[in-house]
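Before any comments, here is the structure.
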Amino acid sequence: MSEEAKAKILEYMKTQKKTKLYFNDLCKAVPELKMREAKKVLNELVEEGKVKYWSSGSTTLYMLPGEDDVAAEEEKMK
Amino acid sequence: MALKHATPMLDELEKGPWPSFVTDIKRMAARKPMCEDLLGLLEMSYEHKEGHWKHGGIVGVFGYGGGVIGRYCDRPDLFPNVAHFHTMRVNQPASKFYSTEALRKLCDIWEEHGSGLTNMHGSTGDCILLGTTTDQLEPIFYRLTHELGMDLGGSGSNMRTPEGCVGRARCEWSCLDTQDIIYDITIKYQDELHRPMFPYKFKFKASGCPNDCVAAIARADCSIIGTWRDKIRIDQEAVRAYVGGELVPNGGSHGFEKRKLDIQKEVIDLCPTRCMEWDGKNLKIWDEDCTRCMHCINVMPRALRPGTDVGATILCGAKAPILEGAQLSSVIIPFMKMEPPYEEFHEFVEKMWDWWMENGKNRERLGELIQRLGLREFLKAVEVQPDPRMINTPRFNPYIFYDPADVPGGWERDAKAYRERHHA
């Protein structure tokens, strides 16, 4: 169940125009899950490094590791 | 000491009688090149009349989704020492009780791994450590947790670091053990504190009495404010001593000279519900009309004290004016005993969060959601019955909400047509 949900979330993220997505938006990928369950799945994805957090300080969003990535941005600064 | 960058506009902020943050940063700049570049960048922002920080990005240390606020300078070519200038939020001890040893150690760690600049405390209550680089985040976190037993606080769409007043530790009016409540919320909701899951931020604040020293009613999505449900305790001898000029009113807050208290003018006439009477010898209080404003207790602390059957009023929905304007919390549970293990409170919190998570829009605070969907929907979700104490004037504000499903025959109404006739 968890693996299936993870795949759905990753697929959903890949098909979105925006690179950064809110938690509520990601829950649309797994409507069969309750919000708290969806959060657990997302946490697992973050732990596995397949999804990353992005925060403005006041709000947190989720993104795929990629070009618009903090690590990449920091690399450019070196 | 000669600074790397000229700062004529910042220098103006050192003039005048008040302490200056510019002077503080300059002092630190003698030891930290990061602070020199910070001054240079700030001067440039003043010159350009626009900010030069790119905010956002990194969120925390490994396993955490909060506690670090990523900040990057958009001119690293000119100010390389502040190319990264991340903020760390450190969860303050309940009621901010520190030993000087802990504070020194915290400052030593920060000076070694960061800019050395702190903001004690931020409006969330955390110790705010200003300015470090990404590679220093894990070492700082390791030392905070292993050497000081301190943790990161909340940021982003997390539950934020809960905050409480000094409580029973030092205040005779406290109706709650605020330290224990804050500790319980912090431990019980570790996952919510460190891993984002909400539509936006969520804050708890606990005040021991209705004086509300942490301004929970104005700042917290869920305010826990101490109260009592029996009678105000009166020492009539002490009341007469205030009136006779033997005791200093207001606990000396407005001057220590002894003077006769004009009890009629300074207390009775200022009672918002007129629930007190002074016959020249005795003070009478109709406690059933008292709204716990605390004024009489504040003026005559030796004579009046809160009752002994204590607990908390739980209020929800306060926020600062970002989207819809500032909002104060509304009473949701007029009285809860708030005793360990706080099961009743936890049940309420979880129902409230479930409703907010299911219905809240992105970046919508709980108070805004209650305003959008209505108090009735919120009360249904948290399984609380409407109560006249939830509103200001029960005779003018309807507080009993009938549901068509509960009334035989029900009814239909056109809400859109109603709104056209009655603009919100």
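The values are calculated or read from the model by the stated rules, or taken from the named source; none is laboratory data. If you're wondering where the values come from, they're calculated on a predicted model, not measured in any experiment. Neighbour counts are summed over all protein chains in view; Cβ atoms, including those assigned to glycine, are modelled from backbone coordinates with ideal geometry. Surface areas here come from the heavy atoms of the whole protein model, side chains and all, with no ligands, DNA or RNA. Shrake-Rupley method; radii C 1.70, N 1.55, O 1.52, S 1.80 Å.
Below is a table of values for the structure above.
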| item | result |
| --- | --- |
| Given (1) outside any strand (DSSP E or B); (2) touching a helix residue (DSSP H, G or I) at 6+ places or on another chain (Cβ under 6 Å); (3) under 22 Å from B:Val214 (Cβ atoms), number of the condition B:Glu324 does not satisfy | (3) |
| Check on B:Lys15, loosely packed, with under 14 Cβ neighbours inside 10 Å and over 29 Å from B:Gln136 (Cα atoms) | yes |
| Residue list for the stretch B:334-348, filter: open to solvent by 40 Å² or more (accessible area, probe 1.4 Å) and part of a loop (DSSP other than H, G, I, E, B) | B:Lys337, B:Glu339, B:Pro340, B:Pro341 |
| Residue match in the stretch B:43-64 (condition: within 14 Å of chain A (Cβ to nearest Cβ), at pLDDT below 95 and in contact with a His (Cβ under 7 Å, 6 or more places away or on another chain)) | yes |
| Residues located in the stretch B:288-311, provided they are in a helix (DSSP H, G or I) and open to solvent by less than 20 Å² (accessible area, probe 1.4 Å) | B:Cys296, B:Ile297, B:Val299 |
| Complete set of residues in the stretch B:349-367 that are closer than 17 Å to B:Lys201 by Cβ, within 14 Å of chain A (Cβ to nearest Cβ) and not in a loop (DSSP other than H, G, I, E, B) | B:Val349, B:Met352, B:Trp353, B:Trp355, B:Trp356, B:Met357, B:Asn359 |
| Flag if B:Val331 is open to solvent by 10 Å² or more (accessible area, probe 1.4 Å) and under 27 Å from B:Arg168 (Cα atoms) | yes |
| Test: residue in the stretch B:351-363 that is open to solvent by less than 40 Å² (accessible area, probe 1.4 Å), touching a Lys or Arg at 6+ places or on another chain (Cβ under 6 Å) and in the same structural domain as B:Phe204 (by TED's automatic domain parsing) | no |
| Filtered residue count, the stretch B:374-388, keeping only those that are open to solvent by less than 70 Å² (accessible area, probe 1.4 Å) and either touching a residue at least 60 places away in the same chain (Cβ under 8 Å) or in a helix (DSSP H, G or I) (or both) | 6 |
| Output for the stretch B:43-58, where each listed residue is under 29 Å from the mean Cα position of the chain (by Cα) and either more than 24 Å from B:Leu137 (Cα to Cα) or of a type outside the set (Gly, Ala, Ser) (or both) | B:Gly51, B:Trp53, B:Lys54, B:His55, B:Ile58 |
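Listed here are the residues, each with its yes/no results for (1) within 12 Å of chain A (Cβ to nearest Cβ); (2) free of Cβ contacts under 8 Å to residues at least 60 places away in the same chain; (3) surrounded by fewer than 17 Cβ atoms within 10 Å (Cβ to Cβ).
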site: B:Val82; (1), (2), (3): yes, yes, no
site: B:His86; (1), (2), (3): yes, yes, no
site: B:Ala94; (1), (2), (3): no, no, no
site: B:Thr124; (1), (2), (3): yes, no, no
site: B:Tyr142; (1), (2), (3): no, yes, yes
site: B:Thr145; (1), (2), (3): no, yes, yes
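Matching residues to (1) surrounded by 24 or more Cβ atoms within 10 Å (Cβ to Cβ); (2) farther than 30 Å from A:Phe23 by Cβ:
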{"site": "B:Asp177", "(1), (2)": "no, yes"}
{"site": "B:Ile181", "(1), (2)": "yes, no"}
{"site": "B:Asp191", "(1), (2)": "no, no"}
{"site": "B:Cys209", "(1), (2)": "yes, yes"}
{"site": "B:Asp230", "(1), (2)": "no, yes"}
{"site": "B:Arg240", "(1), (2)": "no, yes"}
